[in-house]
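Colleague: Below you will find the structure I want to go over with you.
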Amino acid sequence: AEQGEAHREDRAVLDRAGRRVALAHLHDVGGHRLDALERVERHPGRGAGRERDGHRLAHGAGDRQQERQLYAIAIAGEKNDGPQAVYEQMRTLAESEDGGLRDAKLWLAYNLLSGTVKSDHKSSLEYARELVAECCIHSGEDNHTQFLNAEITYRTEGLSRGMEAFEAIRARGGGEVRARLMQLCTLAGDWERAATHAEYVADVIRMQKNR
């Protein structure tokens, strides 16, 4: 029972962090976002279950904007049908011929690690690690890739190394990093540090409610 509760908490923190990727990117889609979402609303779930073969994106002028529109459609489809229903769409965007859409890679990595989607061609952890590495190679590190790399360190190297990895990004990582540290400190039985992180997370939640 305790293990199941821990998995639910892991998923909750990763889901919250992953939502930030989706929402931040949708703000960048601009005027095209409304057109994309209107198409989804007229055709609920359309495209969510498309076959992967035969729909790799062609690339040329304006293709990145097309990818962003398709990303907006996938996010809307996720709300209707759930993350697994748009997995293939996100994978197509992440693996397009020009290096892939960064936000699709981050969406996949968060959802693979939280267990809300399953990889059908390799282990979820291995695929998530590859996606994060590609993000770092093509456009450098940011708060998302640092969080994901810390999570991957925890999954592959154990609790102690995972705590060290999250501590290393604590100052710039925001509430999700503190929430994850709270969970890991609890697992380690370090109740004093867990309480400190819990207080920080509570303060963040209060500030967000007062906005």
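Colleague: Could you report the stretch 56-211's accessible area per residue, 1.4 Å probe, as an integer in Å²?
Modeller: Details: 7320 Å² over 156 residues.
Ligands and nucleic acids excluded, the result is 47 Å² per residue.
Colleague: Setting aside same-chain residues fewer than 8 positions from Lys79, which lysines have a Cα under 21 Å from its Cα?
Modeller: Answer for Lys79, where 21 Å is the Cα cut-off: Lys105, Lys118, listed by chain and number.
Colleague: Another question about this same structure. In nm, what is the difference between 0.36 nm times the number of residues separating Arg211 and Ser139 and their Cα-Cα distance?
Modeller: Details: separation 72, 0.36 × 72 = 25.92 nm, distance 3.19 nm.
Between Arg211 and Ser139, full extension yields 22.7 nm more.
Colleague: Once you have the Cα-Cα distance between Asp190 and Asp98, take 0.36 nm times their residue separation minus that, and quote the gain in nm to one decimal.
Modeller: Working: separation 92, 0.36 × 92 = 33.12 nm, distance 4.57 nm.
Gain in length upon complete extension: 28.6 nm.
Colleague: What is the gain in length, in nm to one decimal, between Glu199 and Asp63 on full extension, counting 0.36 nm per residue of separation less the C-alpha to C-alpha distance? Numbers along the way, then the final one.
Modeller: Numbers: separation 136, 0.36 × 136 = 48.96 nm, distance 4.53 nm.
Additional length available on full extension: 44.4 nm.
Colleague: Something else now. Determine, from the Cβ-Cβ distance of Glu126 and Glu167 and an R0 of 35 Å, the FRET efficiency 1/(1 + (r/R0)^6), rounded to the nearest 0.05.
Modeller: About 0.90, to the nearest 0.05.
The values are calculated or read from the model by the stated rules, or taken from the named source; none is laboratory data. This is a predicted model, so every value here is computed, not measured. All Cβ positions, glycine included, derive from the backbone under ideal geometry; neighbour counts span all protein chains shown. With ligands, DNA and RNA removed, areas are computed over all heavy atoms of the protein, side chains included. Shrake-Rupley method; radii C 1.70, N 1.55, O 1.52, S 1.80 Å.
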